[in-house]
Amino acid sequence: MAEDVTYARKYQVLTVLATAELLAMTLWFSVSAVGPELAVAWGLSATETAWLTNAVQLGFVVGALLSALFTVSDVIKPRYLFSASAVVGSAATVIIATSVSSFLPAVVLRFLTGVALAGVYPPGMKIMAGWFRAGRGFAIGVLVGALTVGSAMPHLLRGVGGVGQPTPVLLGAAGLATVGAVLVLFVEPGPYQAPAAPFDPGAIRRIVGDRATTLANIGYFGHMWELYAVWAWIPVYLSLSFTASGGETEAFAALVTFGTIAIGGIGAVLAGISADRLGRTTVTSASMVTSGGACLAAGFVFGAPTIVVVPFVLLWGFAIVADSAQFSAAVSELADDSYVGSALTFQTAIGFLLTLGSIQLTPLVADLIGWRWAFAPLAIGPVVGTAAMLRLRGRPEAKLLAEGRG
C-alpha cells in the first residue's frame with residue numbers, strides 16, 4: 001500500500017512541479033517577445049535588441065556557475081530556492097514594464113532575471129530526481145516540456161493581443177511566474193532526494209573529471225549551441241519568410257513562433273518515454289540528427305508557401321528540444337547522488353554560456369548571406385553532440401543510463 005501511495009503521490013508532485021516550472025519560465029523570453037516594440041520605443045539597434053535576450057543567458061550562466069561553485073542547490077532546500085528566485089525574476093520584469101524606458105537599465109534587470117532563473121530550472125530538476133528513479137527520463141521530459149511551453153508563453157501573450165503593447169505582455173509573464181513561485185512551495189522533498197550536502201569546492205573538479213559525465217555534457221553542449229539561437233531568432237526568420245512568400249500578419253508570425261517553441265514540450269515528453277524504453281543515447285542522437293538537418297533545410301524552406309513553412313518549423317521545434325531532458329537525466333544517473341544539483345547546474349551553466357556565441361553569431365551570418373541560410377552554422381552543434389552520445393553508448397557506464405538501456 002505504501003508503494004501505491006508513493007506511486008500516486010510522485011505523479012501528483014510532478015504535475016504541480018511542472019506547472020510551477022511552466023509559469024516561472026514565462027520570464028525567460030518575456031522581454032525578447034516584445035523586442036520589436038521596445039526597439040522602436042527606445043530607439044534600439046539590432047545589437048542592443050539581441051542583448052535583451054543575451055543578458056538573460058549571461059545572467060543565467062553567472063548565477064548557475066556561482067550556484068555550482070558554492071553547491072547552493074545542494075545546501076538550500078530546492079523548493080525555497082526555486083520560489084525565491086521566481087519572485088526576484090518577476091519583480092525585475094515588473095520594473096521593466098512600469099519604470100524602464102532605455103537600454104542599459106533593461107539589460108541590467110534582464111541580467112538579474114537570468115541570475116534568478118538559475119535558481120529555478122536546476123533546483124526543479126533536483127526536486128524531480130528526488131521523486132523518480134524508474135521513469136526518470138519521462139519525468140525530466142515533462143519538466144523540460146513545461147519549461148519549453150513556459151518559454152513560448154510570451155509569444156502567445158503577444159500574439160493574442162500584445163502586438164504593439166509590451167506592458168501587458170511583461171506584466172502577464174511576471175504574474176504567471178509569481179503564481180509558479182507559490183505553487184512550488186507545496187512540493188515536498190521526495191524519498192530519493194539526497195540530504196543537503198556541505199559546501200565542497202572539489203565537487204566541480206570531480207564532475208569535470210568523470211569521463212562518462214563529460215560525454216553526456218558534451219552532448220548537451222552541442223544541443224544547446226543550436227537550441228537557443230533558433231528560439232531567439234525564429235521570429236525574425238518566420239516574419240521575413242512570410243513576407244517573401246506574400247505576407248502574413250505579425251500576430252500570425254507570433255502565434256507560429258509560439259507553436260514552434262511550445263510543441264517542443266510534446267517532443268520532450270515523448271522523447272522521455274522513448275528514452276526510458278530505448279536508451280538515452282539512442283534518443284538524443286536521433287533528435288540531434290533531425291534538428292541539425294533542419295538547420296540546413298531551413299534555407300530551402302525560406303520563402304516557401306505558409307502551408308510548407310509552418311509544418312516544417314513545427315517539426316523542427318518538436319525535435320530541437322526533445323533530447324534536452326535526456327542529457328539532464330543522464331547526468332542525474334551518472335553523477336554522485338550527493339551532488340546531483342551541482343552537476344546539473346554546472347551542465348546548464350556551460351551550455352548556456354555557449355548560447356551567447358550562437359545567438360550573436362546568427363544575425364552576423366544573416367548580415368553576410370541573408371536569413372535564408374543564417375541557421376546553417378548551428379548544425380555543427382548537433383554533429384558534435386551526436387558523436388559524444390554515441391561514444392558514451394560504447395562505454396561501460398552506459399549501463400547506468402535508463403536502467404541499463406544506455
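What follows is calculated from the coordinates using simple rules that are stated; it is not laboratory data. Everything numeric here is computed off the predicted structure, so don't read it as measured data. FYI the Cβ positions are ideal-geometry reconstructions off the backbone, even for glycines, and counts take in every protein chain you see.
A straight Cα-to-Cα reach below 17 Å connects LYS10 with the lysines LYS126, residues fewer than 8 places away in its own chain not being considered.
The separation of segment 122-147 from segment 216-253, counted between C-alpha centres, amounts to 26 Å. Annotation: the residues TYR121, TYR7, sorted from fewest to most other C-beta atoms within 10 Å of their own C-beta, follow the order TYR7, TYR121.
When each of the peptides 36-49, 144-157 is scored by how many other beta carbons lie within 10 Å of its residues on average, the order from highest to lowest is 144-157, 36-49.
With both labels modelled 7 Å from their Cα along Cα-to-Cβ, the ILE369 to GLU188 distance reads 5.7 nm.
Mean separation of Cα pairs under 8 Å and 6 or more residues apart, divided by the residue count, gives the chain a relative contact order of 26 percent. Relative to the longest principal axis of the Cα atoms of the chain, the long axis of helix 46-69 makes an angle of roughly 10 degrees. Separation of segment 282-345 and segment 51-98, taken as the distance between their Cα centroids, equals 24 angstrom.
The long axis of helix 136-157 is offset from the longest Cα principal axis of the chain by roughly 20 degrees. Compared with the dominant Cα axis of the chain, that is its longest principal axis, helix 380-393 is turned about 10°. Exposure proxy shown here: for LYS399, LYS77, LYS126, the number of other Cβ atoms within 10 Å sets the order, fewest to most, as LYS399, LYS77, LYS126.
Highest-first packing order for the peptide set 256-264, 59-67 is 256-264, 59-67, based on the mean count of other beta carbon atoms within 10 Å.
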